[in-house]
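The values are calculated or read from the model by the stated rules, or taken from the named source; none is laboratory data. As the structure is a prediction and not an experimental result, all values here were calculated from the model. No Cβ is skipped: glycine too gets one built from the backbone with ideal geometry, and neighbour counts run over all protein chains shown. For the accessible areas, the whole protein counts, side chains as well, though only heavy atoms, and no ligand, DNA or RNA atoms are used. Shrake-Rupley method; radii C 1.70, N 1.55, O 1.52, S 1.80 Å.
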Amino acid sequence: MFRTTLFWLIFLWGNILFAQIPIQDISHINLPVKLNGEWGFAEDKVLLPQQTNTITKTLYLPQYLESRHGPKGVATFVIDLYTTPNKPLSLDFNPLVNPWKLFIDNNLVYESGIIDSKNKIYLASAKRQIANFTPTRHKTRITLWIANSQHRHFGLGISPQIAPYGILESYHSSMTYVNFALISILVATGFYHLGLFLVWRRDQAPLWFGLFLLVFTLRIATTSEKIITLIYPSITWEMLTRIEYISGYLTLPLFIMYISSLYPKQSNKIIQLINIIVGIVFVLFGLFTSTLFFTSSMPITEIIIIESVIFVSWVLYHAFKAKEPNSTFAFITFVIFAGTIIHDVLMFSKVIDSTDDWGPIGFIVYLFAQAQILLQRYANAFHTIQKHENELEYIISKRTGELKDLLSQRELLMRELSHRVKNNLQFIIGLLWTKRVKASDETKAILLSLQSQIQAIATVHETLCEQPNISTVNGNHYLKTIIDALQELYPNITFSCTFGEEGLLSLDDTISLGLVVSEMVSNTVKHVYSTKSGTISIDFEIHNNLAKLSYSDGQTQFQNNDFLKASRKNKSIGWSMITELIHQLKAQILSEGNLFKIQFYTDKTV
């Protein structure tokens with residue numbers, strides 16, 4: 001029993017005695033150095049620096065730990081460094097998606113997020129941090145706690161970098177400015193292309209490219225330097241991660257839609273639809289599932305990324321073979337962009353040990369190329385439009401000339417027709433005059449009424465022959481001519497006329513109005529002044545397309561349209577004609593006392 005106990009004591013003491021923490025010499029570094037290789041490692045433990053002497057295991061970094069027992073847990077990493085005392089150093093763990101604490105010798109110098117091993121609460125921080133410290137001895141021990149409960153990856157997938165103070169900070173500052181500039185360019189270009197789409201919606205390529213740029217902007221703002229944390233300092237790690245993944249999920253279908261709209265003949269509708277459906281499904285995962293769940297989908301996403309790159313390359317290659325416009329330029333620049341995408345996929349998969357995202361750089365090259373392609377498309381489109389516009393102007397000019405010739409011929413024919421109609425009507429008026437000489441009094445009255453009606457129509461054609469426009473007639477001038485003719489027919493009647501504002505009447509309205517006046521005068525002469533002379537008052541004006549006519553013989557009572565009712569009752573032909581003519585004018589009767597009033601719109605659309 002004593003020998004067995006002694007054996008185990010010697011064995012344990014030997015392990016402790018010969019257990020050594022890995023060590024690296026960085027005392028003479030002037031540039032960033034990766035702290036990869038072996039580190040001391042304690043799984044499921046948070047060991048203070050003074051407790052790390054008991055560590056006997058080592059782990060080769062960079063390496064993730066989730067394959068050992070899952071993504072949740074905590075671990076301690078330790079390494080010794082040969083350093084130069086009082087020479088400030090900087091240590092960068094980016095990109096580290098887990099909460100961490102950093103001890104230099106026995107002092108806690110930095111922490112990111114929350115590590116509560118007692119209650120097993122591990123919450124990462126969204127902020128990007130670089131740790132600085134100043135060694136006080138030639139040998140410095142680095143103790144690092146890393147924990148995880150939110151992400152699929154647990155551990156150091158990228159080698160930490162150490163450098164003299166200021167180098168990493170300067171690089172970080174420069175990359176921040178670069179990211180800000182890149183984001184500004186992408187946002188401006190994105191809205192510019194959306195504006196192009198709003199101007200000309202027939203081409204959907206600017207729409208998809210503009211949306212792609214804006215979504216890709218979110219992706220850049222949440223990765224690398226995490227610019228979004230500078231804009232919104234209170235953003236949580238969970239929200240940051242959701243935006244990062246959702247924007248990544250959306251970029252693929254948007255980019256495929258853009259390429260397909262550029263080269264629809266070479267694209268494939270089924271693959272487009274599949275990518276859109278997959279993108280929507282993953283977006284829903286990013287919105288409604290835990291970060292631990294949807295970050296685990298990254299391997300599938302990487303496969304989809306590779307598939308999308310292959311599909312776009314296939315489309316561009318066939319467009320190149322078909323000699324589509326700008327396809328050569330598009331194909332070459334996308335190959336460059338695809339190379340940077342493959343680099344980032346390999347980096348995220350830990351096939352290569354790198355901390356630099358090449359995707360944004362490759363995309364900048366592709367962005368300027370695509371901007372050139374779209375501008376060229378619009379230049380060609382505008383050139384085509386200009387060409388068609390010139391052709392259209394020529395056709396319109398030629399057709400306008402032909403129409404002017406036809407219109408001139410039509411006007412000439414109309415004038416000739418009006419002239420002939422006027423002559424024929426004047427001839428008829430002359431015949432009626434000769435017949436009236438030998439006719440009885442009753443026949444004379446009938447012939448006189450008929451002559452006044454024909455005179456009203458003849459005056460219209462006479463007016464048309466005297467003016468340049470044959471479609472409308474000056475209302476005041478026409479009524480003056482009608483009244484002058486009526487004065488000759490009825491020399492015993494005195495006409496008192498007042499004319500207000502002038503206006504134009506259509507041909508139909510002119511004839512109807514002339515017949516109304518002529519028939520009113522004829523009825524007055526027949527029924528009121530049959531044996532004696534009298535005075536007829538006529539007022540007319542056109543104001544704001546509203547024509548108003550007032551008529552009075554001083555005796556006839558027109559109140560409440562009694563005369564119209566009586567005319568229908570007595571079957572008076574004259575008043576029935578007046579009623580029909582007023583209906584044709586679509587006029588409103590506003591009679592009062594012995595004053596007959598009508599009004600109607602000269603523009604019948606009012």
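Just a yes or no: is a residue in the stretch 500-513 assigned to a strand (DSSP E or B) and under 19 Å from Ile589 (Cα atoms)?
Looking for residues that are assigned to a strand (DSSP E or B) and under 19 Å from Ile589 (Cα atoms), one finds at least one in the stretch 500-513, hence yes.
Just wondering, is there one or more residues in the stretch 162-176 that are open to solvent by 30 Å² or more (accessible area, probe 1.4 Å), within 15 Å of Leu102 (Cα to Cα) and not in a loop (DSSP other than H, G, I, E, B)?
So far as the stretch 162-176 goes, no, none of its residues is open to solvent by 30 Å² or more (accessible area, probe 1.4 Å), within 15 Å of Leu102 (Cα to Cα) and not in a loop (DSSP other than H, G, I, E, B).
Say whether the condition of being more than 19 Å from Gln24 (Cα to Cα), in a loop (DSSP other than H, G, I, E, B) and either open to solvent by 50 Å² or more (accessible area, probe 1.4 Å) or of a type in the set (S, T, N, Q) (or both) is met by at least one residue in the stretch 127-136.
Among the residues of the stretch 127-136, at least one is more than 19 Å from Gln24 (Cα to Cα), in a loop (DSSP other than H, G, I, E, B) and either open to solvent by 50 Å² or more (accessible area, probe 1.4 Å) or of a type in the set (S, T, N, Q) (or both), which makes the answer yes.
If you check Ile280, Ile270, which single one turns out to be of a type in the set (A, V, I, L, M), touching a Phe, Trp or Tyr at 6+ places or on another chain (Cβ under 9 Å), loosely packed, with under 14 Cβ neighbours inside 10 Å and not in a loop (DSSP other than H, G, I, E, B)? I'd like the intermediate steps shown before the answer.
On the way: Ile270 fails: touching a Phe, Trp or Tyr at 6+ places or on another chain (Cβ under 9 Å).
None of the other options fit; the residue is Ile280.
Does Ser296 fit the bill of being farther than 23 Å from Trp237 by Cα and either open to solvent by less than 50 Å² (accessible area, probe 1.4 Å) or outside any loop (DSSP other than H, G, I, E, B) (or both)? Show your work before the answer.
Working: farther than 23 Å from Trp237 by Cα: no; either open to solvent by less than 50 Å² (accessible area, probe 1.4 Å) or outside any loop (DSSP other than H, G, I, E, B) (or both): yes.
So Ser296 does not fit the description; no.
Any residue in the stretch 530-547 that is among the small types (Gly, Ala, Ser), surrounded by 15 or more Cβ atoms within 10 Å (Cβ to Cβ), modelled with pLDDT under 85 and out of contact with any helix residue (DSSP H, G or I) (no Cβ under 7 Å at 6 or more places or on another chain)?
For the stretch 530-547, residues among the small types (Gly, Ala, Ser), surrounded by 15 or more Cβ atoms within 10 Å (Cβ to Cβ), modelled with pLDDT under 85 and out of contact with any helix residue (DSSP H, G or I) (no Cβ under 7 Å at 6 or more places or on another chain): absent.
Look through the stretch 203-227, keep the residues that are at pLDDT 85 or above and of a type in the set (S, T, N, Q), and return whichever of them is surrounded by the most Cβ atoms within 10 Å (Cβ to Cβ).
Going through the qualifying residues, I end up with Thr222.
For Leu292, work out the one condition from (1) touching a residue at least 60 places away in the same chain (Cβ under 8 Å); (2) under 18 Å from Asp203 (Cα atoms) it doesn't fulfil.
The failed condition is (2).
Which number in (1) of a type in the set (Phe, Trp, Tyr); (2) surrounded by fewer than 14 Cβ atoms within 10 Å (Cβ to Cβ); (3) in contact with a helix residue (DSSP H, G or I) (Cβ under 8 Å, 6 or more places away or on another chain); (4) at pLDDT 90 or above marks the one condition that Trp200 misses?
Going through (1) of a type in the set (Phe, Trp, Tyr); (2) surrounded by fewer than 14 Cβ atoms within 10 Å (Cβ to Cβ); (3) in contact with a helix residue (DSSP H, G or I) (Cβ under 8 Å, 6 or more places away or on another chain); (4) at pLDDT 90 or above one by one, Trp200 breaks only (4).
Restrict the check to the stretch 224-235 and report whether at least one residue is assigned to a loop (DSSP other than H, G, I, E, B), in contact with a His (Cβ under 9 Å, 6 or more places away or on another chain) and farther than 26 Å from Leu182 by Cβ.
There is no residue in the stretch 224-235 that is assigned to a loop (DSSP other than H, G, I, E, B), in contact with a His (Cβ under 9 Å, 6 or more places away or on another chain) and farther than 26 Å from Leu182 by Cβ.
How many residues, within the stretch 17-49, are in contact with a strand residue (DSSP E or B) (Cβ under 6 Å, 6 or more places away or on another chain) and farther than 20 Å from Leu61 by Cα?
Qualifying residue count for the region: 1.
Considering only residues that are within 15 Å of Tyr122 (Cβ to Cβ) and crowded, with 18+ Cβ neighbours inside 10 Å, which ones fall in the stretch 43-96?
Val46, Leu65, Pro71, Gly73, Val74, Ala75, Thr76, Leu96
Under 6 Å by Cβ, and 6 or more places apart or on different chains, what pairs join a residue from the stretch 581-603 that is over 21 Å from Glu501 (Cα atoms) with one that is at pLDDT below 85 and open to solvent by 60 Å² or more (accessible area, probe 1.4 Å)?
Gly593/Gln559; Asn594/Gln557
Tell me which of these His69 doesn't satisfy, since it passes every other one: (1) of a type outside the set (Lys, Arg); (2) under 15 Å from Ile146 (Cβ atoms); (3) touching a Gly at 6+ places or on another chain (Cβ under 9 Å).
Checking His69 against (1) of a type outside the set (Lys, Arg); (2) under 15 Å from Ile146 (Cβ atoms); (3) touching a Gly at 6+ places or on another chain (Cβ under 9 Å), the one that fails is (3).
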